[in-house]
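Reviewing the structure listed below.
The values are calculated or read from the model by the stated rules, or taken from the named source; none is laboratory data. Note that the coordinates shown come from a computational prediction; the quantities given were computed from them, not determined experimentally. Cβ placement follows ideal geometry from the backbone for every residue including glycine, while neighbour counts extend to all protein chains displayed.
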């Protein structure tokens, strides 16, 4: 049985979040939570929150043993972008793109 959780419109770029997701992909839930606890990245806090949500979703199902869960799939997709302009010298403007992420975690018994 699978359990999943999704967090959408997180205010961090997908590139930065994928660096953290690659570290915990395929690990057991307990090991992944320990790794995320000691990572000093913003994406680690967000992925930890989604992982705990997926774990709580799995706990609601009596057919799932939460002690043997592992991260079957973790995806970080790009959401919409906020486009802004930053004024520069001599009338020019540079575009600033604020990127958003969607994180999906699927847990399975292993």
Extreme residue, farthest from residue 8 (Cα to Cα), among residues of segment 67-90 that are modelled with pLDDT of 95 or more and out of contact with any strand residue (DSSP E or B) (no Cβ under 7 Å at 6 or more places or on another chain): 90
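Considering each residue of segment 50-66, count those that are under 17 Å from residue 10 (Cα atoms) and in contact with a strand residue (DSSP E or B) (Cβ under 7 Å, 6 or more places away or on another chain), and give that number. Steps first, answer last, please.
Here is the first cut: in segment 50-66, the ones under 17 Å from residue 10 (Cα atoms) are 50-54.
When the remaining residues are screened for being in contact with a strand residue (DSSP E or B) (Cβ under 7 Å, 6 or more places away or on another chain), the result is 50-51, 53-54.
Looking only at that region, the number is 4.
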Which of (1) more than 12 Å from the chain's Cα centre (by Cα); (2) exposed (fewer than 13 other Cβ atoms within 10 Å of the Cβ) does residue 8 not meet, given it meets every other one? (1)
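Being more than 12 Å from the chain's Cα centre (by Cα) and closer than 13 Å to residue 106 by Cα narrows it down to one residue among 24, 29, 76, 50; which is it? So that I can check it myself, show each step before the final result.
Details: 24 fails: more than 12 Å from the chain's Cα centre (by Cα); 76 fails: more than 12 Å from the chain's Cα centre (by Cα); 50 fails: more than 12 Å from the chain's Cα centre (by Cα).
Unique residue meeting the criteria: 29.
Does residue 14 meet the test of being surrounded by 15 or more Cβ atoms within 10 Å (Cβ to Cβ), modelled with pLDDT of 95 or more and farther than 17 Å from residue 107 by Cα? Talk me through it step by step, then tell me what you get.
Values: surrounded by 15 or more Cβ atoms within 10 Å (Cβ to Cβ): yes; modelled with pLDDT of 95 or more: yes; farther than 17 Å from residue 107 by Cα: yes.
When the stated conditions are applied, residue 14 passes them.
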Look through segment 57-80, keep the residues that are assigned to a helix (DSSP H, G or I) and free of Cβ contacts under 8 Å to residues at least 40 places away in the same chain, and return whichever of them is surrounded by the most Cβ atoms within 10 Å (Cβ to Cβ). 66
Output the residue which, of all residues in segment 36-49 that are over 18 Å from residue 26 (Cβ atoms) and touching a strand residue (DSSP E or B) at 6+ places or on another chain (Cβ under 9 Å), is surrounded by the fewest Cβ atoms within 10 Å (Cβ to Cβ). 49
Please work out which residue is nearest to the chain's Cα centre (by Cα), limiting yourself to segment 81-106 and to residues that are surrounded by fewer than 10 Cβ atoms within 10 Å (Cβ to Cβ) and assigned to a strand (DSSP E or B). 97
